[in-house]
1. If you check A:Gly123 against the conditions, is it free of Cβ contacts under 8 Å to residues at least 60 places away in the same chain, part of a loop (DSSP other than H, G, I, E, B) and crowded, with 22+ Cβ neighbours inside 10 Å?
2. In segment A:158-180, what residues are surrounded by fewer than 24 Cβ atoms within 10 Å (Cβ to Cβ), outside any helix (DSSP H, G or I) and either modelled with pLDDT under 95 or within 22 Å of the chain's Cα centre (by Cα) (or both)?
3. Inspect all residues belonging to segment B:200-211 and state whether any of them is surrounded by fewer than 18 Cβ atoms within 10 Å (Cβ to Cβ) and hydrophobic (A, V, I, L, M, F, W, C).
4. For a quick check of your reading of the model, give me the residue pairs whose first member lies in segment A:317-331 and is assigned by TED's automatic domain parsing to the domain that holds A:Gln113, whose second is crowded, with 16+ Cβ neighbours inside 10 Å and at pLDDT 95 or above, with beta-carbon atoms closer than 8 Å and at least 6 apart or on different chains.
5. For segment A:313-323, give me each residue that is closer than 11 Å to A:Ile292 by Cβ and in contact with a strand residue (DSSP E or B) (Cβ under 6 Å, 6 or more places away or on another chain).
6. Filter segment B:5-61 down to residues that are under 20 Å from B:Ala108 (Cβ atoms) and of a type in the set (Gly, Ala, Ser) and give me whichever is surrounded by the fewest Cβ atoms within 10 Å (Cβ to Cβ).
7. For segment A:169-211, enumerate the residues that are without any contact (Cβ under 8 Å) to a residue 12 or more places away in the chain, within 14 Å of another protein chain (Cβ to nearest Cβ) and either more than 26 Å from A:Val41 (Cβ to Cβ) or hydrophobic (A, V, I, L, M, F, W, C) (or both).
8. Out of (1) in the same structural domain as A:Ala90 (by TED's automatic domain parsing); (2) modelled with pLDDT of 95 or more, what's the single condition that is false for A:Gly197?
Amino acid sequence: MKGNEAIAEAAIQAGCRFFFGYPITPQNQIPEYMSKRMPQVGGCFLQSESEVAAINMVYGAGGAGARVMTSSSSPGISLKQEGISYIVGAEVPCVIVNMVRGGPGLGSIQPAQSDYYQSTRGGGHGDYRMPVLAPGSVQEAVTLTQDAFDLADRYRTPVMVLGDGLIGQMMEPVDMEQASNRQPAADLQEKTWAATGHKPTQEAPRAIINSLYIDPVVLEQHCMKLQAKYDAIEAAECRWQEEMVDDAEIVIVAYGTTARIARSAMRKCREKGIKVGMIRPITLWPFPNAAIRATLKTAKKFLCVEMSTGQMVDDVRLAVEGQRPVEFYGRTGGMVPTVGEIVEKLEGMAGEPSAVEQLINQTTAALDQAATAAQETFAGFGSKIDAKVNDPAFIEKTEAFKQKTGELADKAFDGLAKGATLLGEIGSKAFGALSDLIGGNKNQNNNKEGNE
Amino acid sequence: MAVVFKKTNMLTDKPFHYCPGCTHGIIHRLVAEVLEELGIGETAIGVAPVGCAVFAYDYFNCDMMEAAHGRAPAVATGAKRVHPDKAVFTYQGDGDLASIGAAEIVHAATRGEKITVIFVNNAIYGMTGGQMAPTTLPGQVTTTSPYGRDTNHCGFPVHVSEMLSTLNGPAYIERVSVHDVPNIKKAKAAIKKAFTLQMEGKGFTMVEVISSCPTNWGKTPKEALEWVKSDMLPAYPLGVYKDITAGGDE
Amino acid sequence: MEKQFLIAGFGGQGVLLIGQLIAKAAMREEYEVSWMPSYGPEMRGGEANCAVVISDEEIGSPLVTEPPVLVAMNRPSLAKFMPKMAPGGILLYNASLIEDVELRDDVTVIPVPCNQIAEELGNQRTANMVMLGAVLGATQFVSADSLKETLREWLGEKRAAMLDINWQAIERGQALNA
């Protein structure tokens, strides 16, 4: 299934029965699919007159207690920001899909990740956050879309599924059986707060879906309540994926489809002996700070790869707290970084140590080759030994063989010696660096004490 | 002691914040009474605008939503689609409905959205301090048309009822006024008809209520009501602009 | 094992379908697959292309920027993508539409007279199937049986009668370089 269609079906399977949206590339398959499917499941698809109207229809439907979704792409999401802010203020659960395209302005229609700031910093006016889920595959898009509805209901908040043109357009095998007829999470409460047009009771008094708190004292209380909710989300809902970070000296941080491209680059670098690992944030907010900090044990450098001019890189730097250099590689405007570009960047970052490692690798390879050649010759010799043991040429041949293996052994010995010398050099360099570092740390500590 | 007047249960006990002489209070009461009389009030869902009626959710004693500026018809659309059997209404002023929310109202109307819109037209932005509204009359002085509305410069007032009645979606559109008792009675009948047709699923219904704004018009309440009669009504003629049930009744 | 394909041509030549059938057939053999079309205004009558990756492990980039296998159904796509090919790759091009063109000598070149063979079979619309067969012959990305089953499934019951002619086209293509 195409990513867009998979997301739409996943939403329906998660009980979403209301969809309001407006056409914009590259997410059109979502409203198209919804327009076909919603009537089949007794739901409602409505093409609104604008994105502004769509998000407000979402506000109405969500405020009335329904599972509701809208989708758009960057310029349309900008139009929705006002509504999103109101939805946050009034604590209305809903799911918003953004299939990001190149910007600013009308921009392009090609994939981008340049709405990172907008999504993770709130986007609209006011003091708020919003969970942002960034799928890295079509299968994950299905799971995250469904999770988004639970998250939204659990915390009474809008939740954004942040994809890009690639995720939306790509076709991958999807296991929809697992996603089929997904029930709301067991912990979810009945929406007694919703404006369902109900007779007020003690448990469910008259509902007011509202974001206006004219008294600043009351608004501050409301904002603090929201903040407490965001703290709870940060504590409980942060998600990420780690790959090969155990011994990683360079840690890539990338999300969404960029993480897939970075993954290919990571594998290529590993083949070259460069110890690269990756942290892929699945929730962009809350951001996996702890997971990134945990890699500081081995990580010497970080590389943030994005389809933007560098937005998430700020969060990586905040997570690393200045303890390691954080570099950036990105393409923007709808351009997609290639595996080759990222490998080149990583090789550059690996720099000096990787060259040494490559020498060691070459030496090891030469040794392996020598051993294999010797083995092969032995094997060939062994199979013929019975037939030829009495052959007059036998003696001559064994002499030749002795000579050949002798040469190989000499070569191998040379290689080992070179390797050992190099290792010695590295060792002393490392020792030097280490003592520098210890000296430097001491100074830092002194400064700190001085400040206090 | 005989009860000669009883406030409708569909209004809360919260005192109105409206200025003296403002007709919002009357219009609120008419809507609330109609909701009660039709027996649809307790389960109604109202949508409040941005403008003077921004606190309408504090006054109407039913489920209420506060919409972003101009978006009430879209919000109501969402609510109505989820609860097609409930009475859903918006209560909007002229800036909210005819300016920033022009798109939302036109499209809710043309979709035949089964909601009732109470459109309060007082030809001015009240809450923000008397600026020119889309319905401000030619020559009318406001804080942003201090020399009077110059149609050459900023165009003509929007006639919402006339405009929307050209669409196929609306079932019922009437313009009423509340400047005197006979008109108040007519206004209530119109609101009742609108909600009745909504509940019958006939289509989009709207009642435009010509209102007064003594504070921002710079008039006494009495002068303001006279100005409604002398200036507003000629520009905004009262009457039924659309009624798909017409014929048999009249 | 990872195999990457880039299939390019005019919109309407069935290039997206070639890619989808490759992906679906590989899926049948339980490979990980991804299919990524070009999208946007150029889809309307202009150039169309899709990238297919099949792998026995989780797929990284779904994009194919240095195609090891390039299928060029028309001249503009050959001109656009041949320079990007990985050395040692396989270039299959539609020899019915592309003539007198300078080809790279560091890749295996397989000319496929798609339209000519399709015409011989009496159905011009099978030109893309001839190419699909040629891809199968050149890369053996799945077994012929898997591809046939995939095709049968794709045609469905309504178009079951079309299986024979399409399969003939695939076999003709396959025979070119089996």
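The values are calculated or read from the model by the stated rules, or taken from the named source; none is laboratory data. This is a predicted model, so every value here is computed, not measured. Every residue, glycine as well, gets a Cβ built from its backbone with ideal geometry; the counts of neighbours run over all protein chains shown.
1. yes
2. Hits for segment A:158-180 are A:Pro173, A:Val174, A:Asp175.
3. No, that holds for no residue.
4. none
5. Step one: filter segment A:313-323 for residues closer than 11 Å to A:Ile292 by Cβ, giving A:315-321, A:323.
If the condition is that a residue be closer than 11 Å to A:Ile292 by Cβ and in contact with a strand residue (DSSP E or B) (Cβ under 6 Å, 6 or more places away or on another chain), then A:Val316, A:Arg317, A:Val320 are the ones that fit.
6. B:Ala56
7. If the condition is that a residue be without any contact (Cβ under 8 Å) to a residue 12 or more places away in the chain, within 14 Å of another protein chain (Cβ to nearest Cβ) and either more than 26 Å from A:Val41 (Cβ to Cβ) or hydrophobic (A, V, I, L, M, F, W, C) (or both), then A:Lys199, A:Pro200, A:Thr201, A:Pro205, A:Arg206 are the ones that fit.
8. (1)
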